[in-house]
Amino acid sequence: MNGAQSLFKALTNAGIDTCFANPGTSEMQLVYEMGKTDTVRAVLCLQENVVTGAADGYARMAGKPAFTLLHVGSGFANGIANLHNAGRANTPIVNIVGANATYHQPNFPEHELIGGKITELARAVSHWTREAKSAAELGLLGAEAARYAMTGSGKICTLIAPTNCHWDPAPEAPVTAGAIPTLRVAPETLETTAALLSNGRKTGLLLGAHALREEGLELAGKIAAKTGATLLAETFPARLARGEGRVQVQLTPYFAEMARQFFADYEQMILVGALPPVSTFAYQGSPTHKLPPGCNTCSLASPDHDVLSALKDLAKLLGASRKATVRQQREKPKRPTGTLKASTVGQSVGLLLPENSILVDEGATAGLELYTYTAGAAQHDYLYSIPGAAIGGGLPVALGAAVACPDRKVVALQADGSGMYTNQALWSIARENCNVTIVVLKNDAYAILNVELARVREGDATAKMQSLLELDRPSINWVKLGESMGISAVAVNTAEDFHTAFKKAMAQTGPRLIEASIEQDLQPVIDLILRQQS
């Protein structure tokens, strides 16, 4: 047995059966091993940020990691943005990154990084990073990575595998003993939290990680029904159980100005798998925290804890046995007509989304209305594709989710500008015949930046300023782009035509793309922000 065989066996022994890959010279022996067996599904992606984003979407839905194959430091660097998103989503991923032979690295061949080693680069977006020094430890490290990835709510593990560690002789890696045990919340913390929930103050339970999945929401709903606390969700939920009959939870607004109004009356906030809510960016003269200054904040469980067990233990301690009463009702608005806007797209999606589907959101400025109008849809899982706010996650996450759940319809709501970051995912979606419908929300702009520019400019925006925000010279033709990569595509620009095209797509299986040219008016948002600043 050589090192590559030992590593491959360690990963498959750990139950990892899917690989997203953009391999190169240093990964060929693992490609060879995968090709000899049917134990691992191998999905080729045409750019490394698609690889890492797809691994993220896969693990969010599969509940276990895939492994990636990435080629040397530059290939890993291409995948960093979506690894950052995956890390903020608490997603388990095992990265296998090829490298030059240990004895060749000091010769400084072309693939060696100018300022350091791959391990130094990997640590910026990995919870666990190792570089094998010999073939004998390659399988051992692979087994350790697979175990550690499942710790807490999920970890990013990156193993650098030099080529000589692949081909040199190696012993067989041991069978893993399951995931490393996850921390349980201490009894004292449970008692402190129970006391806070009983003190009569206006309280929010701010949920994240596994607390937003169906079991977590059911438990949190029981606690809220017992104590009167309000269920809230972090701004960018990695996975949220949503739709008809599900326990209702309110999403924290993205814009800090809106969030401060949202939280104004809260006296205490209890974090359950979530971090304290802060603004994504700091703005001159503005507070960075979304909670009011007098709001007491405490944490029941971090994403590193066993979040579900914490909710179970708290519910038991409180005697919260009756079911949650606040559940989402099915909403069926009238079939939309007229101008195609984010709201009319949301109405059609809310009406037509199939039961048990997966809704992947990278709608950018259209996202708020899309989220609102799909709340009362049939039961589905909602994935906010970029919890780390690194754009370009939507299409890869949809690819990975579809690979994990081939029997479920995936709908990707994709802003046009950020979609161009990883449009290569369309090719993989077509090649794998994924049951994904992509709705490209086309406004020919980085529209969010009009809001951000309004914060800093005096007077009207100049043509040069606008030239850095607009995508209309030339306008991107998503129909031709989709068709060039093997996906049936159609363009629409009215609410009626979108409804018809989306209804047809929901009745079919396989990949579809709808280019939806929407009209947007962001002036009310800009006016609100400027009023708050003045």
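In the chain, Cα pairs under 8 Å separated by at least six residues give a relative contact order of 15 percent. In region 210-306, taking the dipole from charged Cβ atoms about the Cα centre, the farthest positive-side position among PHE281, PRO253, LEU291 is held by PRO253. If I compute semi-axes √(5λ) of the Cα gyration tensor in Å from the structure I just sent, which labelled value in (1) 48, 29, 20; (2) 68, 30, 19; (3) 37, 30, 23 lines up? Label of the calculated value: (3). For the pair region 415-486 and region 274-353, the centres of their Cα atoms are 27 angstrom apart. At an R0 of 60 angstrom, the distance between the Cβ atoms of ILE114 and GLN520 translates into a FRET efficiency of 0.90.
Here the peptides 65-77, 115-127 are ranked by packing, the mean other Cβ count within 10 Å, and the order with the highest first is 65-77, 115-127. Taking label points 7 Å from Cα along the Cα-to-Cβ direction, THR339 and ASN477 give a separation of 2.8 nm. Using bins of 10 Å that start at zero, the share of Cα-Cα pairs per bin across region 3-167 amounts to 12, 46, 36, 6, 0, in whole %.
Here the gap between ALA42 and THR372, fully extended at 0.36 nm per residue and compared with their Cα-Cα distance, gives a gain of 115.1 nm.
Close amide H partners of LEU251, meaning residues 5 or more places away or on another chain with modelled amide H under 5 Å apart, are ALA233.
Counting neighbouring beta carbons within 10 Å and listing from fewest to most, the residues PHE262, PHE502 come out as PHE262, PHE502. Karplus-based coupling profile of region 324-337, in residue order and whole Hz: 4, 9, 8, 10, 6, 8, 5, 10, 10, x, 5, 4, x, 9, with θ = phi - 60° in 6.51 cos²θ - 1.76 cosθ + 1.60 and x standing for Gly or Pro. Working note: Karplus 6.51/-1.76/1.60 with θ = phi - 60° gives region 264-270 the couplings 3, 8, 6, 9, 8, 10, 10 Hz, where Gly and Pro are set to x. Subtracting the Cα-Cα distance of ALA282 and THR297 from 0.36 nm times their residue separation leaves 3.3 nm of extension gain. Take every pair of alpha-carbon atoms less than 8 Å apart whose residues are at least six positions apart; their mean separation over the length of region 187-318 yields a relative contact order of 32 percent.
The modelled label-to-label distance between ASP444 and LYS332, using points 7 Å beyond Cα along the C-beta direction, is 3.8 nm. Applying Stokes-Einstein at 25 °C and 0.890 mPa s to the Kirkwood radius of region 132-252, computed over alpha-carbon pairs, gives a translational diffusion coefficient of 138 µm² s⁻¹. Rounded to the nearest 5, what % of the DSSP beta bridges within the chain are antiparallel ones? Roughly 10 percent of the beta bridges in the chain run antiparallel, per DSSP. Think of region 413-504 as having a plus end and a minus end, set by charges on the Cβ of Lys, Arg, Asp and Glu; of LEU449, ALA461, ASN433, ASN433 sits farthest toward the positive end of this dipole.
None of the figures in this text is laboratory data; all of them are computed from the coordinates on show. A quick note: this is a predicted structure, and the numbers were derived from the prediction, not measured. Because the Cβ atoms are built from the backbone with ideal geometry, glycine has one as well, and the counts that use them run over all protein chains shown.
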